[in-house]
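None of the figures in this text is laboratory data; all of them are computed from the coordinates on show. This one's a predicted model, so the numbers in the text were calculated from it and none came from an experiment. As a convention, Cβ positions derive from the backbone with ideal geometry for all residues, glycine included, and neighbour counts pool all protein chains shown.
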Amino acid sequence: EMCGRDWSSDVCSSDLLTQWRRTLNKPDILQIGPYPSWDVEALEKSFTLHRYFEAPDKSAFVAERADRIRGIATRGELGADRDLIASLPNLEVISVYGVGFDAVDLDAARLRGIRVTNTPDVLTKDVADLGVAMMLAAARGIVGAEAWVRSGDWAKKGLYPLQSRVHGKRAGILGLGRIGFEIAKRCVAFDMDIAYSDLEAREFAKDWAFIQDPEDLAARSDFLFVTLTGGPATRHVVNQPVLEALGPEGMIINVSRASNIDETALLDALQNNTLGFAALDVFEGEPNLDPRFLELNNLLLQPHHASGTIETRKAMGRLVRENLEAHFAGRDLPTPVL
Ligand code: 8YV
């Protein structure tokens, strides 16, 4: 006897049945992209995971379980778009494995009172490290120099071509948020001269030059780091004039979102050598890159892994779970966006 009656009879209200199932079962979560095995194992202790990314027919996969799904666990670059959110009538929460939530349709979530969380702070220093590592690797030709050794060119052709110095040069930080700040700190340690652009001058950045206009910042930079949040407000802030201002001796480093740079203008500038060099961790349509990227040499390409250390990814995975668990337990969310 459930619901005070024969529970299987259709007299039992479907509302009560739903509630009963929710209490006993692990909440159903749609998993948008892969996670390391340790995260999958930990998530499965509290949730029923539905592996969206493995489904050959995504809409059929969603349709078959749409009513049951109460949460989405996604990745920064994958997010959750308007159509996906619309297809899940009982969606309550979207937990993003990543600090960037630009790929989540926040308006759609807000309208339905769907909570959104991300994983800030835990990844900041790794992303800054990779940005600075890319600058050093590119300026000193580390990738090409390694190939020089392995190919035997060193013995055959002699000394490796001379490269560019980093210390004493000018670093521009476009977006002095958490990641931009950590990059600036690191550049200070490399004896670089720092300037930054942001919505306003920052109290904590008094020692650094505030140059609000991205074009002016680029004009006074040898290395321009793009550390803006992604989204409509920052789309193509780095446009053709900014790239031109950075110039044939300049290098752009992007560890944020591809959408912050006009990618066609970037490829054109690299091809025409009106821009010296680009070190990129993010791409439009990644992991499928514009084929022009593979034809140019004045580029260092990385597979969107600035936060990709075991330590940081474990901390990110933990936050994804803690946010989901807090939501379903009715507690405050550790790192809410919405
Ligand atoms: C991750 C990211 O690579 O934090 C972000 O916004 O893009 C990266 O940390 C990504 O979210 C992991 O899938």
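Worth a mention:
- Sub-8 Å Cβ pairs linking a first residue in segment 76-105 that is without any contact (Cβ under 8 Å) to a residue 24 or more places away in the chain and closer than 30 Å to residue 311 by Cβ to a second residue that is β-branched (Val, Ile, Thr) and within 15 Å of the ligand (Cβ to nearest atom), at least 6 apart or interchain, are 94/72; 94/74; 94/104; 94/116; 94/117, ordered by first then second residue.
- Qualifying residue in segment 239-248 (condition: touching a helix residue (DSSP H, G or I) at 6+ places or on another chain (Cβ under 6 Å), within 14 Å of residue 173 (Cβ to Cβ) and not in a helix (DSSP H, G or I)): no
Residues are listed down the side, and each one gets a yes or a no for (1) within 16 Å of the ligand (Cβ to nearest atom); (2) touching a residue at least 60 places away in the same chain (Cβ under 8 Å); (3) aromatic (Phe, Trp, Tyr):
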{"position": "274", "(1), (2), (3)": "no, no, no"}
{"position": "278", "(1), (2), (3)": "no, no, no"}
{"position": "298", "(1), (2), (3)": "no, no, no"}
{"position": "301", "(1), (2), (3)": "yes, no, no"}
{"position": "304", "(1), (2), (3)": "yes, yes, no"}
{"position": "307", "(1), (2), (3)": "yes, yes, no"}
{"position": "317", "(1), (2), (3)": "yes, yes, no"}
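- Only residues that are more than 22 Å from residue 104 (Cβ to Cβ) and either touching a His at 6+ places or on another chain (Cβ under 7 Å) or crowded, with 17+ Cβ neighbours inside 10 Å (or both) were counted in segment 248-266, giving 7.
Let's see how each residue does on (1) of a type outside the set (Val, Ile, Thr); (2) within 16 Å of the ligand (Cβ to nearest atom); (3) over 24 Å from residue 124 (Cβ atoms):
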{"residue": "203", "(1), (2), (3)": "yes, no, no"}
{"residue": "210", "(1), (2), (3)": "yes, no, no"}
{"residue": "223", "(1), (2), (3)": "yes, no, no"}
{"residue": "231", "(1), (2), (3)": "yes, yes, no"}
{"residue": "242", "(1), (2), (3)": "no, no, yes"}
{"residue": "245", "(1), (2), (3)": "yes, no, yes"}
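- Spans of strands (runs of 3 or more DSSP E) in segment 120-233 with at least 3 residues more than 20 Å from residue 307 (Cβ to Cβ): 170-174, 193-197
- Restricting segment 80-94 to residues that are surrounded by 23 or more Cβ atoms within 10 Å (Cβ to Cβ) and within 16 Å of the ligand (Cβ to nearest atom), the residue that is farthest from the chain's Cα centre (by Cα): 94
- Given (1) touching a Lys or Arg at 6+ places or on another chain (Cβ under 8 Å); (2) in a helix (DSSP H, G or I); (3) over 22 Å from residue 257 (Cα atoms), number of the condition residue 64 does not satisfy: (1)
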